[in-house]
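Note sheet for the following structure.
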Amino acid sequence: MADLVIHNSVVVTGETMYPASVAIHDGKILSIGSADSMPQAKEVLDATGLHLLPGAIDVHVHFRDPGYPHKEDWESGTAAAAFGGVTTVFDMPNTIPPTGTAQILADKHAIASSKAYVDYGLYGLLGENTIANVAELVAGGVIGFKLYMGNTFGAIPSPSTGAMLEAFEVVAPTGKRVSLHAETNSIMERRQSRLTAAGRTDALAHLAARPAVVAVEAVARAAILAEWTGARIHVLHISSAAELRPLAEAKARGVDITGETCPQYLFLSADDYERLGGIIRVNPPVREIENQQPIWDALMSGVIDIIATDHAPHAIPEKTRDDIWTVDCGFPGVETQRPMMLTEVAAGRVSLCQYVRWSSVNPAKVWGLFPRKGLIEPGADADIALVDLKHQWKIDDAQLQSRSKISPWHGRNVCGLTIHTLVRGRFAMRDRTLVTGTKGWGRSVHTIQHMPTPQPCHTDETMQAILRDPKPSQRT
Ligand code: DOR
Ligand code: ZN
């Protein structure tokens, strides 16, 4: 006896699509096949006209909890995810306090597990002062680490290159992936103070302070340190054509490096600064239009692996200040990624299977969650988005589930809407309505994470090895 059978849907995976019925039991997909092959079920859903996609895995969100409840919390953030057909999120550590000790991590786990509508992973902070906490953070259940090479919201200091090398040395044997805010801080600080001194307060001054070279330099440097230590790294929010070269070159050398981009770098450009003012302020900045197509091409070719959102909610007054340097960086996105991307699917620019690879399959593979997540197959978690690909609508910030009611997507005409979202077999959102009884159903996915065997390099030269035994000949 199944808990639920979904009839008349079109099942979509990273490789193929086909009409089928899907039976769900105990949070997992039990069987897929013709309607007459389905078991008896407690409940039946007719999904005529809908496509059944694996839930999206957004590996880059800021849910602000604990710390900034007026911007977002675990309840509103995961509700937004459910409305966007997102069934797993990875939350960033720039909360208050930053997620840099086992105790702070345990507190965040407690908050998330009591409020979340969807599954989640928590990032641990890899900063200059938290390198010594790596082991306790891994034991406490992190999905990976976040390292801020450049300053952004939350003002977490950027580790020096020396500290970064040591951080990579320490994380490499754990097998966890380090996600990088890859913008070089010293370049940006210098440029921002020169621009401020020159009296610039306009939105484009933000872009001028963070030219693409900050990303090129950071990606190249991080790749060298990852190659040296064997640490796995992930380049967050790829914004420029130029940083694709060090990324592709590192991949070709065999460095375990992956990349993500976000809708803001695929759909916005420097041409939008005048229209949007401070709303467009985000780190890394939205860049000149010439960057867009190469980023699309990198997704197509596999140089970029993943679509995430950098969902970064702020309140309206925080986004509408006149002086650009005082505007908070970022905007919500976890709920609008799917409709934005599905609009491109409808236009024939990308295939539905390609999109499912970028939003579900690849994140699951890169983070060791495949085949439990990212797949519609018997035995996989029943994390499902039922999507109406033909539904045309207009994004309205006021209607977002996020507490942040201000985004650059306001007023966009899109095609494609998630109608129901299931997380491990339970409706989190049904008929565009939040199923409030599912609050607290979300669980941390670090328990199912299986990363390949770690391959640390130059282990006889790490700081730890040298401090353990100062004589090179005796180190192993
Ligand atoms: O624009 C951004 N906002 N970029 C980041 O890296 C952080 C984020 C935030 O937390 O607001
Ligand atoms: Zn971010």
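Just so it is clear, none of the values below were taken in a lab; they were calculated from the coordinates. Every value quoted in this text rests on a predicted model; they were computed, and no experiment measured them. All Cβ positions, even for glycine, are placed from backbone atoms using ideal geometry, and neighbour counts span all protein chains on display.
Computed values, structure above
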quantity: DSSP-assigned coil residues among chymotrypsin sites (Phe, Trp or Tyr not before Pro) in the range 111-181, each with at most 16 further Cβ atoms within 10 Å; calculated: none
quantity: In sequence order, calculated HN-Hα J values of the range 134-146 (Karplus, 6.51, -1.76, 1.60; Hz; x Gly/Pro); calculated: 4, 4, 5, 6, 4, 5, x, x, 9, 7, x, 10, 10
quantity: Stokes-Einstein translational diffusion, the range 245-359 - Kirkwood Rh over all Cα pairs, 0.890 mPa s, 25 °C, in µm²/s; calculated: 159 µm²/s
quantity: Footprinting exposure proxy for ARG210, ARG275, ARG443 (fewest neighbouring C-beta atoms within 10 Å first); calculated: ARG275, ARG443, ARG210
quantity: Residue exposure sequence - ASP322, ASP383, ASP388 - by fewest surrounding Cβ within 10 Å; calculated: ASP322, ASP388, ASP383
quantity: Virtual spin-label span in nm between ALA252 and GLU290, 7 Å along Cα→Cβ; calculated: 2.1 nm
quantity: On Cα atoms only, tilt of 213-229 relative to the major axis of the chain in degrees; calculated: 90 degrees
quantity: In the range 151-200, the GluC sites (Glu not before Pro) that fall in loop regions by DSSP, at most 14 other Cβ within 10 Å; calculated: none
quantity: Inter-label distance, nm, simple model (7 Å from Cα along the C-beta direction), MET1/HIS70; calculated: 5.2 nm
quantity: The range 238-321: relative contact order as a whole-number percent, Cα under 8 Å and 6+ apart; calculated: 41 percent
quantity: Rounded FRET efficiency, nearest 0.05, which uses the C-beta distance separating GLU189 from THR320 and R0 of 25 Å; calculated: 0.50
quantity: Rounded to whole Hz, the Karplus (6.51, -1.76, 1.60) HN-Hα couplings of the range 436-444, x for glycine and proline; calculated: 4, x, 8, 4, x, 7, x, 10, 6
quantity: Distance violations [Cα-Cα > 32 Å] among LYS28/LYS390; LYS146/LYS390; LYS115/LYS405; LYS108/LYS365; LYS176/LYS394; LYS365/LYS439; calculated: LYS146/LYS390; LYS176/LYS394
quantity: Residue-wise HN-Hα coupling along the range 453-470, computed from phi with Karplus coefficients 6.51, -1.76, 1.60 (Hz; x: Gly, Pro); calculated: 3, x, 10, x, 10, 6, 5, 7, 10, 5, 4, 4, 5, 5, 5, 6, 8, x
quantity: The range 251-369: relative contact order as a whole-number percent, Cα under 8 Å and 6+ apart; calculated: 28 percent
quantity: At R0 = 41 Å, FRET efficiency that the Cβ-Cβ distance of HIS450 and ALA398 yields, to 0.05; calculated: 0.45
quantity: Contact order normalised by residue count of the chain, Cα under 8 Å, 6+ apart, percent; calculated: 21 percent
quantity: Potential extension, TYR18-GLN40 segment - 0.36 nm per residue separation minus Cα distance; calculated: 5.7 nm
quantity: Sorted by Cβ density within 10 Å, fewest first, the residues ASP107, ASP431, ASP91; calculated: ASP431, ASP107, ASP91
quantity: Anisotropy class of the range 6-78 from Cα gyration tensor, a/c 1.5 cut; calculated: prolate
quantity: On Cα atoms only, tilt of 337-346 relative to the major axis of the chain in degrees; calculated: 70 degrees
